[in-house]
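The values are calculated or read from the model by the stated rules, or taken from the named source; none is laboratory data. Just so it is clear, the model here is predicted, and its values are computed rather than measured. Note that each Cβ is placed from the backbone with ideal geometry, even for glycine, and that neighbours are counted across all protein chains shown. Note: areas computed on protein heavy atoms with side chains; ligands, DNA, RNA excluded. Shrake-Rupley method; radii C 1.70, N 1.55, O 1.52, S 1.80 Å.
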Amino acid sequence: MRRALLLLACLALPLAAARAQTPITIVVNFGAGGSADRMARLMAPEMSEMLGTQVIVKNTTGAGGAIGAAEVARARADGNTLLLSTTGPMAIQPFFRNDLPYRVTDFAPLCQVGDAPVMMMAAPTGPVRDAASLVATARAARGGFTYGSAGQGSIPHIVMVALARQANVEMVHVPFRGSAEAVIALLRGDVMVYADLPGPLQANNLTAVGVMAEARTAEFPHVPTLREQGFDLVHSIWAGLFAPAGTPPPVLDRLQSACERALQRPAVIEGFQRIATPITYRGQPEFAAYWRAELEKFRAIVQAAGIRPGD
């Protein structure tokens, strides 16, 4: 009997070790090389060290981030699959699309990691230098003025619809799978402007058209706000980690602690500075409350503007 119990114990040890070493996957619902992807890849090795297991980053793109979000919504609620998403899929898409393959109740907000005002950017050699030249170029193009976005229902899409309506000009929306693709299109001249997190600005020597903040930012003090240029547009893009709803509270607590500590590491702080996205940490209760407020804000914006996928 003792020998049998000893044999069972020996067999159980490698099984327990295998479970302990199950990797954690952070799904990023936009393409590789974009701001959200870079945030996840900065945090992953630090969280891996703290959690004692491998943390890998997987890009699942398409439908303005909805496909990646749906993947996590369907995942087992065991803490081994997380979502790093920006504002659009989590706060705009629920009111923008009737066929969304997930609900906000499918997620447990874990921690907010960053927040930055939207920066409108143009190619360095193009005619757009500021909001006035943007409007003039759009009017002269007579319906041929194009702007890029990270997908239908993303912040880059919504803010440009708002600008076009305030300026009373026609612009053509060209959606991409993420910011990296949109920036490449901007540099090639396939689109005229792009509005998103400010990370690509310096890395690609882009022209800063204007920042959608209440006041000029410390990171870009020379860039005027859109309000200074006559347009009432104040928007930021936040990013946060989510787990599938139903994940046990002790697991959520452990993951939140790793998220918080990762954001305090010098390598992560320096990395977020390089992509011009200030670290903005909120834990589970605070992030949940903030997310609820964002949902209500964008419900009102989308419904009042009557914005639809074809806009």
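A few comments on the model shown:
- Among the trypsin sites (Lys or Arg not before Pro) within the range 244-311, not one is in coil by DSSP while having at most 15 neighbouring Cβ atoms inside 10 Å.
- Here the range 54-124 is treated with +1 on each Lys and Arg Cβ and -1 on each Asp and Glu Cβ, and its dipole about the Cα centre works out to around 100 debye.
- When all protein chains stay in place and ligands, DNA and RNA are ignored, the 1.4 Å accessible-area order of MET39, MET192, largest first, is MET192, MET39.
- Remark: the chain carries 44 Å² of accessible area per residue (probe radius 1.4 Å; ligands, DNA and RNA excluded).
- For the chain, share of DSSP beta bridges that run antiparallel, in % to the nearest 5: 60 percent
- Net charge dipole size for the range 236-311 [Lys, Arg +1 and Asp, Glu -1 on Cβ; Debye, nearest 20]: 60 debye
- Overall shape of the range 90-219 was characterised from the C-alpha gyration tensor. The equivalent ellipsoid obtained from it has semi-axes of 26, 18, 14 Å, in decreasing order.
- Dipole of the chain, positive end: most advanced residue of ILE24, ILE307, MET192 [Cβ charges, Cα centre]: ILE24
- Mean residue ellipticity (222 nm) of the chain, computed from DSSP H runs ≥ 4 via -39,500 (n - 2.57), nearest 500: -13500 deg cm²/dmol
- For the range 209-300, the list of GluC sites (Glu not before Pro) that fall in a loop by DSSP and count at most 11 other C-beta atoms within 10 angstrom reads GLU214.
- For the range 138-295, the share of accessible area belonging to carbon and sulfur comes to 51 percent (1.4 Å probe, ligands and nucleic acids excluded).
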